[in-house]
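**Student:** This is the structure I have questions about; it appears just below.
What follows draws every value from the coordinates through simple rules; no lab data is involved. In this text, all values refer to a predicted model and were calculated from it rather than measured experimentally. As a convention, Cβ positions derive from the backbone with ideal geometry for all residues, glycine included, and neighbour counts pool all protein chains shown.
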Amino acid sequence: MLQNNDIENILFLDIETVPQNEMWNSLSSEEKELFDLKTKYQRKEEYSAEEFYQRAGIWAEFGKIVCISVGYFINKNEIKTFRVTSFSGIDERKILLDFKSLLENHFNQKQHLLCAHNGKEFDFPYIARRMVIHGIQLPDKLNLFGKKPWEIAHLDTLELWKFGDYKHYTSLKLLTYVLGVPSPKEDIDGSEVAGIFYKEKNIQRIVDYCERDTVAVAQVFLRLNNQPILQEDAVVSIKKEAFQPLHNQ
């Protein structure tokens, strides 16, 4: 499918987000009104804005990023491995700056691509919007202004699976199942992340979940290119300080 792209030039990623505030009552009256207006179409008459606030993390205007997991392939001596790490915590600005530093120092060349599942509709714009809100200058890989479609360095496994059918949506969980990829949803799903962040205060559990999704995106990409998936021992989780891709040229 993408024979001309060196898989080692692709940075796979996934993000986890939560509402900016744990409780609806923590919002100002203006924020409550704006959230009401923003979500009116999705809520219809089924939910009040307050009842719907548990889903606020899916909008960059009302949510925040608590984890960005990234991974890349290394093919050494014909042995393919996948290295994964995460930027996470309660300081969203630091998460974004650390991720930006990775892009600018190691994935800043023309041949480098970003890949996520539904990334073009969610992950990539969400990260960019949160950077703008924090006053962080966008790295080139996320700055789409003035670029032609073929100049945008983004891949999306959902888009690849659509094969041009723009009405079609397939979750990562379903796609891993039909392609024979080990399911990443072993412990939690996205609807539980906010509770784990605010009530359990268990960032590591979120990191583990986010990294499994990142690995799953890479595995799906392999299958879409008719390549064998990685075995469990080929996936290496490392500290972000040691996350130094070999292809910096």
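**Student:** Defining a contact as two alpha carbons under 8 Å apart and six or more residues distant in sequence, what relative contact order in percent does the chain show? Before the final figure, lay out each step's value.
**Tutor:** Details: 359 pairs, mean separation 69.4, N = 249.
For the chain, the relative contact order is 28 percent.
**Student:** Going by average Cβ density within 10 Å per residue, which order do the peptides 213-220, 6-13, 67-74, 162-169 take, highest to lowest?
**Tutor:** On the way: 213-220: 25.6, 6-13: 21.0, 67-74: 23.9, 162-169: 9.0.
My ranking of the peptides, most packed first, is 213-220, 67-74, 6-13, 162-169.
**Student:** Then there's this: How big, in percent, is the set of alpha carbon pairs in segment 179-236 lying more than 18 Å apart? Walk me through the numbers on the way to the answer.
**Tutor:** Details: 657 of 1653 pairs.
Percentage above 18 Å: 40.
**Student:** Assuming a ≥ b ≥ c are the square roots of the Cα gyration tensor eigenvalues, decide whether segment 133-245 counts as rounded (a/c under 1.5), prolate (otherwise, with a/b larger than b/c) or oblate. Walk me through the intermediate numbers first.
**Tutor:** Details: a/c = 1.43, a/b = 1.08, b/c = 1.33.
Verdict is rounded for segment 133-245.
**Student:** May I ask you to evaluate 6.51 cos²θ - 1.76 cosθ + 1.60, the Karplus curve with θ = phi - 60°, for each residue of segment 199-213 and list the ³J(HN,Hα) values in order in whole Hz, giving x for glycine and proline?
**Tutor:** 8, 7, 6, 10, 4, 4, 5, 5, 4, 4, 5, 5, 5, 5, 5
**Student:** If you don't mind, another one. If amide H atoms are built 1.01 Å from N in the plane of the peptide, which residues on other chains or at least 5 residues away come under 5 Å of the amide H of THR17?
**Tutor:** VAL66
**Student:** Once phi is turned into θ = phi - 60°, what whole-Hz ³J(HN,Hα) does the Karplus curve with 6.51, -1.76 and 1.60 give for every residue of segment 174-179, x standing for Gly and Pro?
**Tutor:** Values per residue, Gly and Pro as x: 5, 5, 5, 5, 6, 9 Hz.
**Student:** Filter LYS64/LYS94; LYS40/LYS162; LYS120/LYS167; LYS94/LYS141 down to the pairs with a C-alpha to C-alpha distance above 22 Å, please.
**Tutor:** In this structure, LYS40/LYS162 exceed 22 Å between Cα atoms.
**Student:** Would you mind checking segment 145-167 for residues with the amide N under 17 Å from a putative spin-label position 7 Å along Cα→C-beta of ASN225?
**Tutor:** Within reach of a label on ASN225, which here means backbone N under 17 Å from a point 7 Å along Cα→Cβ, segment 145-167 contributes 153-161.
**Student:** Now, a different point. Using only DSSP helix segments of four residues or longer, with each worth -39500 (n - 2.57), what per-residue ellipticity at 222 nm results for the chain after dividing by its residue count and rounding to 500?
**Tutor:** On the way: 7 runs with 80 residues, N = 249.
For the chain, the value works out to -10000 deg cm²/dmol.
**Student:** So, one more: Along the positive direction of the dipole of the chain (beta-carbon charges: Lys, Arg +1; Asp, Glu -1; about the Cα centre), which of ASN105, ILE203, SER26 reaches farthest?
**Tutor:** It is ASN105.
**Student:** Could you pull out every residue, at least 5 positions away or on a different chain, whose amide H is within less than 5 Å of the one on ILE10? Hs are placed 1.01 Å off N in the peptide plane, and Pro or chain starts have none.
**Tutor:** Counting only residues 5 or more places away or on other chains, the set is PHE73, LEU113.
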